[in-house]
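Below is one structure; the comments refer to it alone.
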Amino acid sequence: MIKKYFRHVNQDRSQKANHNIILSIFFKGCSIIMQFVLVFLTIHYIKPDAYGVWLTLSSLVGWIAIFDIGIGNGLRNKLSESLAKEDFRTSKIYVSTTYAIIGLIALVLIVLYFIVSSFVNWQSVFNSDFIPEKELHTVVTVVSLCFFLKFVTDIINIVAASFQMVSISSILLFLSNIGLIVAVWILTNTTNANLVILSLCLSVIPLLISIGATLYLYTKQFKLVSPSLKAVDFKESKGIVNLGSQFFILQIVSLIIFQTDNILIAQLFQPSDVTDFNISYKYFSIITILFTIVLSPYWTAFTEAYYKKEYAWIKKAIRTLMKYWALSVIVLVFMVPCASIIINLWVGDSVSVSLSLSISICFYIIVFNWNAIFANFLNGVGKIRIQIIYAIIMGFLNIPISIFLVKYLKWGIYAMPASNFICLLLGAVISYIQYKKIINGTASGIWNK
C-alpha cells in the first residue's frame, strides 16, 4: 500500500490532493472506528473519573506543543517553497536545522519538567484526590517524557505534508491505534485498573510508531532531505523562525480557545463531567476529522499555487471546499437528535449527554469548519497578521466568557463550546473577506500581511 502510494508523487496538484484525501479518508476512517473501540475499552478499564483525569492531562500536556514556537508550520511553508523550486540543498538545511532547534527545545523542557514537577501538587491540578499523589506524579512523568520525545519525531509529518503527502500522518495514526487497542485489550484481560500502566501504553506506542516511520521514510522516500548534523545551519533558520513566530502566536491562542475546555470543566464542575463533554465531542468530531482530512492536502497546495500565481486553481479549490462544508452542516444537523441514542449504545449509561451540549457542540463545529477553510488558505500563503490580531483578542476573551456563562448565566458544561462559537463567529467573516481581497488582487496594508 505504502509503495503504491509513493508512485503518485509526480501527479498534478489536484490529483495529489484527491489521492491524499482518498487515502486519508480510508486510514482516518478506520482510525475513527478504532478510536470508538479504544474509548469503550479504556472507559471500562478505568472509572470515568480516572478517565477524565487522563483526558485533562492530555489537554494540559498538549499545551507543550506551543514551545516549538511555530517552527513546525514555518518549516512547512518554507520547505514547500524550496521543493517547488526543486532546491533540495536548501530543503535539507531547513529540515536538519528544524530538528536541531526542536531537539534543543525538547531537551530544555525535559530538564525543566524534572526541576518543577516535584514542587507541584498534581491532585490539586486535576482536582482528583481519589488518585494517590505518587501514582498521579508517575502518570504525569510518563506522559510528559513521551510527549517531549514525540515532539521531535513528529516533524516527519510536517516534512511529508510539504511533499503533499499528508496521508502519511493518517497511516501512522492508524498503526498507532491498532497498537493501542491491542495493548488496552490485553490490559483489560490481564490486569486490574491501573492508570500508570494505561498511561504508559497510550504514550509509548504512538512514540515507537513515530520513531519507526522517521527511520524508514528518511532512508527511502525523503532521502534527499534527510537530516544531518553537517546540514544544520542556524543562519538559514531565520526565515523559518520569523514566519514560525507568527504561527506561534496563533498556536498559543488556539490552545487557549480549544484546549482549555477540559481544564475549565474539571475546575468548574467535576472530572466526570470532562468525560461527558469529551465523549459527546468525539461523537460530533467525526465531521471535523473528515473535514480536516479533505482540507489537509490544500495547505501546501495553496502555497505552491500562490507561489506560481495560479489563482484560478485556488478559486476552484475554495469553491469545492465550501461545498464540502455545506454538506457537513447538513450531516451535523441530523447528528444532533441521534447523539444520546448512539452514545448510549457506544459507551452505555455511564456517560450523560444533554441536548443542550449536543446543540452547542454542533454550532461550534459548524463555524470551526468554515474558519478552517480560509485559515488553511491564509496559512498556506503566509498572510496571517489579521488572524493574529483577532486571535489575541479572542484568546483574552475566551476563558472570561466561559466563566461568565457558567457563574452568572448558570449554564452547564455546554458553556465551553458555546464560548468557542462566540469567539470564532466574527473571525469567520473577517477571514472570508481577506481571502476575497487577496485572490482578487485588491488586498493592501494589513489585509496583505
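Here are the numbers:
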item: Residue within segment 197-213 that is assigned to a loop (DSSP other than H, G, I, E, B), hydrophobic (A, V, I, L, M, F, W, C) and either in the same structural domain as residue 83 (by the TED database) or in contact (Cβ under 8 Å) with a residue 24 or more places away in the chain (or both) present; result: no
item: Which numbered condition residue 219 fails, given (1) modelled with pLDDT of 85 or more; (2) hydroxyl-bearing (Ser, Thr, Tyr); (3) in contact with a helix residue (DSSP H, G or I) (Cβ under 9 Å, 6 or more places away or on another chain); result: (3)
item: Elements of type helices (runs of 4 or more DSSP H) contained in segment 256-368, each with 1 or more residues being without any contact (Cβ under 8 Å) to a residue 24 or more places away in the chain and either crowded, with 21+ Cβ neighbours inside 10 Å or among the charged types (D, E, K, R) (or both); result: 311-335
item: Residue identified as exposed (fewer than 13 other Cβ atoms within 10 Å of the Cβ) and in a helix (DSSP H, G or I) among 438, 430, 422, 446; result: 446
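The values are calculated or read from the model by the stated rules, or taken from the named source; none is laboratory data. Computed from a predicted model, the values in this text were never measured in an experiment. Quick reminder, even Gly has a Cβ in these numbers, built from the backbone with ideal geometry, and neighbours come from all protein chains shown.
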